[in-house]
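Structure record follows, encoded as structure tokens.
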């Protein structure tokens with residue numbers, strides 16, 4: 001099993017003037033400690049499950065570019081980009097640029113978007129869910145066309161591109177992995193089966209929910225003639241490594257349970273990541289223990 005790190009919070013004790021230095025420290029420890037991937041959220045306001053909207057939040061792709069220059073090994077991506085925030089051609093170009101400048105380490109994490117407050121707050125159109133999913137599917141089609149090096153028009157219901165030119169192409173083999181986030185069995189899992197290279201599931205809904213989504217993904221793969229095993233299965237969870245909270249053994253046990261239902265890549269955020277000690281526990285105890293799962 002691979003282990004990833006998500007950093008969703010930048011409100012740390014030293015204040016905003018030290019965000020860059022602390023983030024650099026976190027990234028370097030993770031990169032040298034054996035983490036497979038490093039992720040940020042694609043939000044502009046902090047989300048309520050982590051803190052008030054006024055808390056520090058960095059723009060995702062600027063942050064990933066910064067991290068690309070600080071690291072050598074970890075894969076880099078968003079969990080996940082809201083499809084409404086950027087025009088599809090610009091998004092594909094942004095991620096291909098990240099891939100080239102990082103030496104082929106980018107993921108495209110993407111989903112249908114949900115945070116209406118930040119969209120309205122910043123003047124971004126926020127269409128109904130049905131339309132957001134339509135836009136998500138067209139974005140996936142446009143991205144795959146661009147990354148295939150196919151320079152041609154694209155004419156969809158919501159997006160029209162005169163020429164899908166993307167030079168330089170990404171360095172990743174074929175293209176950066178397209179990771180689709182969400183728990184919907186009918187729409188999201190179908191999009192993963194049809195267009196995705198990876199899915200991301202939330203463990204907060206319980207292990208049985210993760211298992212049922214993977215079963216739904218398998219059914220969609222069967223319907224489409226897709227090999228289920230070509231899709232990377234990832235999860236997102238929170239690890240609180242602190243006295244009276246969780247231990248390394250607790251995390252290892254959770255990873256074993258996830259591996260047993262088919263998860264290959266477990267991504268964790270840590271509320272106290274700025275203390276660095278939780279990262280070191282992962283590096284020295286957890287990552288070596290779960291590598292054989």
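The values are calculated or read from the model by the stated rules, or taken from the named source; none is laboratory data. None of the values given here were measured: they were computed from a predicted structure. Neighbour counts run over all protein chains shown; Cβ positions are idealised from the backbone, glycine included.
For segment 153-170, the count of residues that are closer than 19 Å to residue 114 by Cα, touching a residue at least 24 places away in the same chain (Cβ under 8 Å), crowded, with 18+ Cβ neighbours inside 10 Å and in contact with a strand residue (DSSP E or B) (Cβ under 9 Å, 6 or more places away or on another chain) is zero. Does residue 99 qualify as being closer than 23 Å to residue 8 by Cβ and out of contact with any strand residue (DSSP E or B) (no Cβ under 8 Å at 6 or more places or on another chain)? Judged against the criteria, residue 99 is not a match. Looking only at segment 39-49, residues that are part of a loop (DSSP other than H, G, I, E, B) and either under 19 Å from residue 83 (Cα atoms) or at pLDDT 95 or above (or both) come to 7 in all. Could you list, in sequence order, the residues of segment 207-227 that are closer than 22 Å to residue 175 by Cβ and part of a helix (DSSP H, G or I)? Across segment 207-227, the qualifying residues are 217, 220, 221, 224.
Of the set (1) more than 25 Å from residue 178 (Cα to Cα); (2) part of a helix (DSSP H, G or I), all apply to residue 56 but (2). Tell me whether segment 269-278 contains one or more residues that are over 25 Å from residue 25 (Cβ atoms) and under 21 Å from the mean Cα position of the chain (by Cα). No, segment 269-278 contains no residue that is over 25 Å from residue 25 (Cβ atoms) and under 21 Å from the mean Cα position of the chain (by Cα).
Residue-wise test of (1) free of Cβ contacts under 8 Å to residues at least 60 places away in the same chain; (2) surrounded by fewer than 24 Cβ atoms within 10 Å (Cβ to Cβ).
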position	(1), (2)
41	yes, no
63	yes, yes
67	yes, no
80	no, yes
84	yes, yes
89	no, yes
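A single member of 283, 259 is under 21 Å from residue 181 (Cβ atoms), in a helix (DSSP H, G or I) and at pLDDT 95 or above, and it is 259.
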